[in-house]
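Beneath this line is the structure, given in structure tokens, with notes to follow.
What follows is calculated from the coordinates using simple rules that are stated; it is not laboratory data. These numbers were taken from a predicted model, which means no experiment stands behind them.
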Amino acid sequence: MTAPHLSSSSSNPLPEPPPVSVAMARAHRRYWRFNLALIAVLMTLGLSVSFVVPLVARSLMAVRFAGFRLPFYIGAQGAILVYLALIAIYIVLMQRADRTLQNALDAENTARGN
């Protein structure tokens, strides 16, 4: 038995998305560029905490933080706190970006008279 498939003649065409103004397309492009740049920066920071700090741990043995040697502190608690901070930063900045995009959409709808 052959696998069922949809032929192009029997399937319904996909609906077209609604038209988007140039300003709204620009707002979406800014939003996604900001999102990708933010993810890249935060992932780079996470990568450096995960891999770079352990690589230089021996040279950081003389540094003390809260009474503990820095490599021990970062391994025990610091890395987790950094990851939580990165998540919080992402949430706050993306909520701000979402608000900006929503304001652009509201302005677009107001201009159209919806």
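I'm checking my understanding of the structure. Among residues of the stretch 57-78 that are aromatic (Phe, Trp, Tyr) and over 29 Å from the mean Cα position of the chain (by Cα), which one is nearest to Gly46 (Cα to Cα)? Per the stated criteria, the residue is Phe72.
Evaluate the following for Gln95: is it over 14 Å from the mean Cα position of the chain (by Cα) and either under 25 Å from Ala40 (Cα atoms) or basic (Lys, Arg) (or both)? When the stated conditions are applied, Gln95 does not pass them.
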